[in-house]
2 protein chains.
Amino acid sequence: MPDFATRPFATRLVETADAVEHLLDRLLSPDPGEGEIARPARLLAAMRHAALGGGKRLRPSLLVETAALFGRAGDGVLRAAAAVECLHCYSLVHDDLPAMDDDDLRRGRPTVHKAFDEATAILAGDALQTLAFDVLADPLTDGDPAIRATLVLGLARASGIGGMAGGQMLDLDAERDPPDEAGIRRLQAMKTGALIRFSCEAGAILGRADPAALAAIRRYGEIIGLAFQLADDLLDATATTEAMGKATAKDAARGKGTLVALHGISATQKALGELIAEAEAVLKPFGDRSATLIEAARFVAARQK
Amino acid sequence: MPDFATRPFATRLVETADAVEHLLDRLLSPDPGEGEIARPARLLAAMRHAALGGGKRLRPSLLVETAALFGRAGDGVLRAAAAVECLHCYSLVHDDLPAMDDDDLRRGRPTVHKAFDEATAILAGDALQTLAFDVLADPLTDGDPAIRATLVLGLARASGIGGMAGGQMLDLDAERDPPDEAGIRRLQAMKTGALIRFSCEAGAILGRADPAALAAIRRYGEIIGLAFQLADDLLDATATTEAMGKATAKDAARGKGTLVALHGISATQKALGELIAEAEAVLKPFGDRSATLIEAARFVAARQK
């Protein structure tokens, strides 16, 4: 059996996705913990629909790989990875709601409000957000409460008005009043960038990174967030609904600005190349150990769905 | 100026409400913290609409009074109190949504989705939930990260599928399939009881209560939650919309079971009396210092709006 660290990122991504799926299945078990009240069946089913059986699990994977850079692995790291995924899934459930993006399809399956109903979807998103903080604050995630409190605070900053929720608000505003390039960058940094950056940062926090290393990983996380968004905009401009498992070409249809629309496809591809080069530069101090994270950057930039 | 501890609960409630209002106003300031991205104006306005300018602030007050029982007061305690209120306000915003209880009026003012729109209301609720965890996890709330992590975990348990969100799901289920008495009690323990209990518990956690004292305060919090719900059901059965500042007699109109409907008004009033007696018994070990918490129990049981 080859050493885990030497396997390619794409293989490790699938392994992490399996491990996170398994853990989410346990966290969303009908059988609650000792002393807990039995979980309402319909809400649990909706949360499972939202969180299980799909997704590349990119954010958990970034967390796992960043923690691995600092020699950290195991159940606690996976729990933090699952927490980040819960938060991501909550945002998808709410973004898909009729009052928001009104999407019927997600990961090739009906969205939660389609499979259940709107009220249940709102509550499932709410409870998935809560679960993310629950999992992070639990001693099972890390024995050191200072680490747990730091993770909770970081996730909250990535998620709230200054992060994902704020970015979704700007995205809704953008339909009424298209932003300029600075506005698009701010929107994207908040809506998708903040949680991707935190996913990387969380691995470094769990790995007890020193301040310089933490700063490098933060910048790496920002780069990944930017690359992810550019790749997403490219896909939105070019891919089909069938290949993506969700509606595409929606941004253009809604008149929302993207950097692809502003600068064109080839300039965007060039920008992606520059981001990968910057990721390599930022990770240089870590030497060969950072090979997987550089691969991850390439993977994100080149993704086809 | 009389000593704070000797003033009646009703006076202290108003003082705590003022202090919490002031702190929430600062937490929801348009000027973000250093290094933070500027906050989207529309989302911030909706969060302010939801969190400011109304409410008795009962939960914050219970937290402040419980902390005071253990000699704890000050900015950190107020921050935890404000966090609990943020979580409460988030739940009101989402419960009021058209897909949920579809209420137009709250605290005598238009609900958030009426004053803004549905998407903004969903996001405002989402971001208020996040803010609650943000505030609790921040070192400003308590210097000891173990205390902060414990508070976060407790709030998450009170809020998620095993708490408030789960209770709201059961409440929606109840419209289709009216629960029996055990079902009503479970629903109420989750929907309103869990957060009220946690508000008391959080004061004891901040106050470094020993396990026996913590257990007593937990039971006190359960009693307050039960009393609050019985008083609420009595009010729903008897009060007018004008006096309450929100729609009333809705439970009966929707065929939802309440303990008042099952047992009648006078039996419910008797049950409230028994709860107050139990609160006194539970707090006996604390002697005279618990006078304010006993007053709080009476206040909750007798409230007229």
* **Residue check for residue A:114: at pLDDT below 95 and more than 10 Å from chain B (Cβ to nearest Cβ)** => no
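Each row is one residue, and each column tells you yes or no for (1) surrounded by fewer than 24 Cβ atoms within 10 Å (Cβ to Cβ); (2) touching a Lys or Arg at 6+ places or on another chain (Cβ under 8 Å).
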position	(1), (2)
A:114	yes, no
A:133	no, no
A:137	no, yes
A:148	no, no
A:155	no, no
Checked against (1) within 23 Å of residue B:28 (Cβ to Cβ); (2) within 9 Å of chain B (Cβ to nearest Cβ), residue A:144 satisfies every condition except (1)
Item to complete: Return yes when residue A:180 is buried (at least 24 other Cβ atoms within 10 Å of the Cβ) and among the charged types (D, E, K, R) and no when it is not.
Response: no
Checked region B:147-164 for anything touching a residue at least 60 places away in the same chain (Cβ under 8 Å) and within 7 Å of another protein chain (Cβ to nearest Cβ); matches are B:159
When every residue in region B:122-131 that is within 8 Å of another protein chain (Cβ to nearest Cβ) and hydrophobic (A, V, I, L, M, F, W, C) is compared, the one surrounded by the most Cβ atoms within 10 Å (Cβ to Cβ) is B:127
For this session: Determine whether region A:166-177 contains at least one residue that is more than 9 Å from chain B (Cβ to nearest Cβ), modelled with pLDDT under 95 and not in a helix (DSSP H, G or I).
Result: yes
When every residue in region A:242-296 that is touching an Asp or Glu at 6+ places or on another chain (Cβ under 8 Å) and modelled with pLDDT of 90 or more is compared, the one farthest from residue A:213 (Cα to Cα) is A:268
Per the filter on region B:91-140, residues in contact with a strand residue (DSSP E or B) (Cβ under 8 Å, 6 or more places away or on another chain) and assigned to a loop (DSSP other than H, G, I, E, B) are B:96, B:104, B:111
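With the structure loaded, tell me whether residue A:88 is assigned to a helix (DSSP H, G or I), within 10 Å of chain B (Cβ to nearest Cβ) and in contact (Cβ under 8 Å) with a residue 24 or more places away in the chain or whether it fails that test.
On the way: assigned to a helix (DSSP H, G or I): yes; within 10 Å of chain B (Cβ to nearest Cβ): no; in contact (Cβ under 8 Å) with a residue 24 or more places away in the chain: yes.
Criteria not met by residue A:88.
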Looking across region A:73-101 at residues that are within 24 Å of residue A:115 (Cα to Cα) and of a type in the set (Asp, Glu), the single one that is farthest from the chain's Cα centre (by Cα) is A:101
Answer yes or no as to whether residue A:226 is within 14 Å of chain B (Cβ to nearest Cβ), within 27 Å of residue A:100 (Cα to Cα) and crowded, with 21+ Cβ neighbours inside 10 Å. no
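The values are calculated or read from the model by the stated rules, or taken from the named source; none is laboratory data. Being a predicted model, the structure only gives us computed values, none of them experimental. Methodologically, a virtual Cβ is constructed for each residue, glycine included, from the backbone with ideal geometry; neighbour enumeration extends over all protein chains shown.
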